[in-house]
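Heads up, the thing below is written out as structure tokens.
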Amino acid sequence: MRDSYGRKINYLRISVTDLCNLRCRYCMPKEGISQVHHDDILTIEEIGKIARIFTSLGVDKVRLTGGEPLVRKGIVDLVKRIGQLEDIKDFAMTTNGILLRKYARDLKKAGLNRVNISLDTLNENKYAEITRGGRLSNVLRGIEVAKEEGLTPIKINTVLVGGFNDDEIEDFIRWTEEEQIDVRFIELMPMGEAVGFNSKYFISNQLVLDKVPTLIKVERVDKSSPAIYYRVPNGKGRVGLINPISCKFCEDCNRVRITAQGKLKLCLHSNEEIDLKEALMNGGDIENVILNAIKEKPESHHLEDGKYIWKDMYRIGG
């Protein structure tokens with residue numbers, strides 16, 4: 001599939017739930033969220049069908065997200081359904097890692113290739129603070145089990161928050177020096193809960209380069225990846241910088257998203273959505289709906305113009 005700007009769309013991110021077992025301060029309200037009625041979210045069978053249609057149209061990279069995907073009932077069955085699709089070359093999941101120790105082996109057997117883990121601090125107390133009660137030890141053990149089961153290469157997604165974890169940048173980078181793990185620093189995006197949070201705590205990823213000037217830029221092989229990678233001299237892993245605010249990467253965007261309610265989002269930072277669940281329920285021509293939608297994918301986002309969306313990330317999918 002190609003959009004009207006000639007970009008090849010081969011990457012599908014599927015949110016399987018907007019529920020989560022953490023309450024990260026920049027992501028989710030302290031009191032949690034109102035649970036969506038079961039009939040309003042995609043079933044395991046519907047997700048599998050949508051994934052199969054997208055792969056028939058040229059998608060070869062699929063990622064499961066949330067919320068926290070591992071709290072979704074039937075998640076291993078869903079991974080097995082998608083893992084059996086022959087055209088998928090890269091099948092991954094983004095998780096907070098809390099339940100990874102329990103599920104890593106079954107996920108690998110079901111066909112999952114690798115995991116990205118959201119982790120904003122290596123300090124136990126700070127982790128409990130920003131997640132409102134999470135335990136860092138559960139995440140670190142989950143990472144070890146994921147490595148043992150071969151859910152690799154592991155990527156750590158770290159949202160930079162000014163005054164909170166900017167003093168840990170060197171600690172995260174040291175991790176890449178010692179292990180084959182990629183740490184990717186992500187600029188705090190003004191979405192949902194983070195819109196008000198953002199202006200006070202936003203810091204540019206340039207700070208990473210300022211703090212560790214010895215980082216060596218790695219040749220960019222995959223232009224569709226939002227990360228620009230670096231490596232410390234003789235480091236085993238890589239350091240990635242994802243700069244959606246200070247440096248747009250829209251011209252190489254190759255992805256679309258499906259929310260847990262079955263809405264197709266052509267751009268993370270757009271309020272436009274196409275209802276695939278309704279089309280499924282009404283017996284619509286899903287292939288045609290998707291192909292027509294792809295033609296409407298916007299050229300770029302406009303965060304720099306202050307055009308924010310108020311839908312929270314957990315309702316869209318990470």
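Laboratory data are not the source of any read-out in this text; all were calculated from the coordinates shown. Predicted model, so just to flag it, every value in this text is computed and none were measured. Positions of Cβ are backbone-derived with ideal geometry, glycine not excepted, and every protein chain shown enters the neighbour counts.
For the reader, a short list of remarks on this structure follows.
- With all pairs of different C-alpha atoms in the average, the Kirkwood value for the hydrodynamic radius of the stretch 207-262 is 13.2 Å.
- For ARG63, nonlocal amide neighbours, meaning residues 5 or more places apart or on other chains whose placed amide H falls under 5 Å from its own, are LEU12, ARG13, ILE14, ALA92.
- With at most 15 neighbouring Cβ atoms within 10 Å, loop chymotrypsin sites (Phe, Trp or Tyr not before Pro) (DSSP) excluded, longest segment of the chain: 6-309
- Alpha carbon centroid spacing (whole Å) that separates the stretch 115-174 from the stretch 47-83: 24
- Report summary: the helix-based calculation at 222 nm, which adds -39500 (n - 2.57) for every DSSP H run with n ≥ 4 and divides by the residues of the chain, gives -8500 deg cm²/dmol.
- When GluC sites (Glu not before Pro) are flagged only if DSSP places them in a loop and at most 10 other Cβ atoms lie within 10 Å, the longest unflagged stretch of the chain comes out as 87-218.
- Measuring nothing but alpha carbons in the chain and taking Rh as the Kirkwood radius, the Rg to Rh ratio lands at 0.94.
- Under the combined filter of DSSP loop state and at most 14 neighbouring Cβ atoms within 10 Å, the stretch 254-296 retains these trypsin sites (Lys or Arg not before Pro): LYS295.
- For the stretch 138-152, putting each phi into the Karplus relation 6.51 cos²θ - 1.76 cosθ + 1.60 with θ = phi - 60° gives couplings of 5, 5, 5, 5, x, 5, 5, 5, 4, 5, 4, 8, x, 7, 10 Hz, in residue order, rounded to whole numbers and with x for Gly and Pro.
- By the count of other C-beta atoms within 10 Å, a proxy for reagent exposure, ILE186, ILE47 are ordered fewest to most as ILE186, ILE47.
- Global form of the stretch 109-219, assessed from the alpha-carbon gyration tensor, a/c cut-off 1.5: oblate
- Between LEU19 and GLU68, the built amide H atoms are under 5 Å apart, and every one of these is 5 or more places off in sequence or on another chain.
- C-alpha long axis of helix 100-110 to longest principal axis of the chain, angle in °: 50
- For the stretch 42-56, Karplus couplings with θ = phi - 60° (6.51, -1.76, 1.60), whole Hz, Gly/Pro x: 5, 6, 4, 5, 5, 4, x, 5, 4, 4, 5, 5, 4, 5, 5
- Basic side chains Lys and Arg get +1 at the Cβ, acidic Asp and Glu get -1 at the Cβ, and with that the dipole of the stretch 11-316 about its Cα centre reaches some 560 debye.
- Straight-line cross-link partners of LYS236 among the lysines, defined as a Cα under 26 Å from its Cα and at least 8 positions apart when in the same chain: LYS61, LYS89, LYS108, LYS147, LYS155, LYS211, LYS217, LYS223.
- All Cα pairs of the stretch 84-140, percent lying beyond 13 Å: 63
- Cα convex hull of the stretch 1-105, projected area averaged across orientations, nm²: 8.1
- Most simply put, the chain has about 25% antiparallel DSSP beta bridges, counting only bridges with both residues inside it.
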